[in-house]
Each structure stands twice: as C-alpha cells, then as structure tokens.
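Engineer: Next up is a structure, given as structure tokens.
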Amino acid sequence: MICVEYEDLLRQYKNTQTAINDVLMEKERLFTKTQPNAIRYDKDSVQSSVDSTMMESYVIALDEKDIEKRLKHLKSILKDREELLAIKEKELRQSRDKWDEIYCQFKFDGISPEKIARAMGYSKSQIYRILSSVTSF
C-alpha cells in the first residue's frame, strides 16, 4: 500500500513546514524588539527613532542563532520533500491496489466516500474504515 508511505511523507512535509514557521517566528520576535514602542502621551519624554544598538543586537542575534542558515536549510529540505511527495503521488495514482485507488479518489480527486462506495461495490462503512486506517480525515 503506497498510500501509507504517502501519508508518512506528507506528515514529514508538514513537520518541516512547522519547523520553518518556528524559525520565522523566532526571527520575527527578534525583529520586533528593534521596532519603536508605541507613543505614550502620559510620559514626559517621547522617543521616535530606533536605537542603533537595538538594530545591532538584532543582527548579532541573527548571526548567533544562525537563523538565516537554518531557514535556508529547512527550505531546501521542504523542497526535497515536496519532490518526494510528487513522485509518490504519481506512484500512488498508477497503483492498482484497491486501498490506493480509494485513497486517490478521496484525497486527490475529491470524491466523497459515498460515491466511491457505489463505484467500487463496497459499503460506505467499509470505505470509511479503509480511509480511517490510512489517514485521519
């Protein structure tokens, strides 16, 4: 059953996307520290420009945490995983295994389990059991 392998690759792809999002959030938090605070009119002094030391500390933090390097590496991994998913989808569509056919019809073609059941001669509950054993939908 190729559909199980595809689901594993899809899970890894989504985990990589989450890792990229985490790195981007870290970068955003560092950048936010460089932005000026909101103006408070109840205080005596008003500061409107970004302190140069804040910008320097942002660049230093980026270098120390290797954010750009990690981001580039994760994007490379994501691209590779995307290519693997495309290859596995092609294999999946060519498979003649009934489970793979049901999975393809549901996942890629958007056919409802009821229509799949009628076309393949299975009951709806059998189709739902097959889909739930392969994927969480």
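Taken together, the values in this text are just the output of simple stated rules run on the coordinates, not laboratory data. Treat the numbers as computed from the prediction; the structure is a model and nothing was measured. Methodologically, a virtual Cβ is constructed for each residue, glycine included, from the backbone with ideal geometry; neighbour enumeration extends over all protein chains shown.
Engineer: At a Förster distance of 30 Å, what's the computed FRET efficiency of Gln35 paired with His73, Cβ-Cβ distance as r, to 0.05?
Structural biologist: E between Gln35 and His73, to the nearest 0.05, is 0.65.
Engineer: Calculated from DSSP H runs of 4 or more alone, at -39500 (n - 2.57) each and per residue, what is the 222 nm mean residue ellipticity of the chain, nearest 500?
Structural biologist: It lands at -25000 deg cm²/dmol.
Engineer: How tilted is helix 98-107 with respect to the longest principal axis of the chain? Cα atoms for both, answer in degrees (0 to 90, nearest 10).
Structural biologist: Tilt of helix 98-107: around 40 degrees.
Engineer: Could you tell me how many degrees, from 0 to 90 and to the nearest 10, lie between the Cα long axis of helix 52-65 and the main elongation axis, the longest principal axis, of the Cα atoms of the chain?
Structural biologist: Long axis of 52-65 versus the principal axis of the chain: about 40 degrees.
Engineer: Using a 7 Å offset from Cα along Cα-Cβ at Ser133, what residues in region 63-97 end up with backbone N under 15 Å from the label point?
Structural biologist: 97
Engineer: While we're on this one: Residue separation times 0.36 nm, minus the C-alpha to C-alpha distance between Asn21 and Ser123: what's the value?
Structural biologist: Between Asn21 and Ser123, full extension yields an extra 32.6 nm.
Engineer: Still on this structure: Once you charge only the Cβ atoms, +1 for Lys and Arg and -1 for Asp and Glu, what is the size of the charge dipole of region 96-137 about its Cα centre, to the nearest 20 debye?
Structural biologist: Working: 7 positive and 5 negative charges, 27 e Å.
With Lys and Arg at +1 and Asp and Glu at -1, about 120 debye.
Engineer: While we're looking at this one, here's another question. Using only Cα atoms, tell me the angle between helix 67-94 and the longest principal axis of the chain; keep it within 0 to 90° and round to the nearest 10.
Structural biologist: Orientation of helix 67-94: about 10 degrees from the principal axis.
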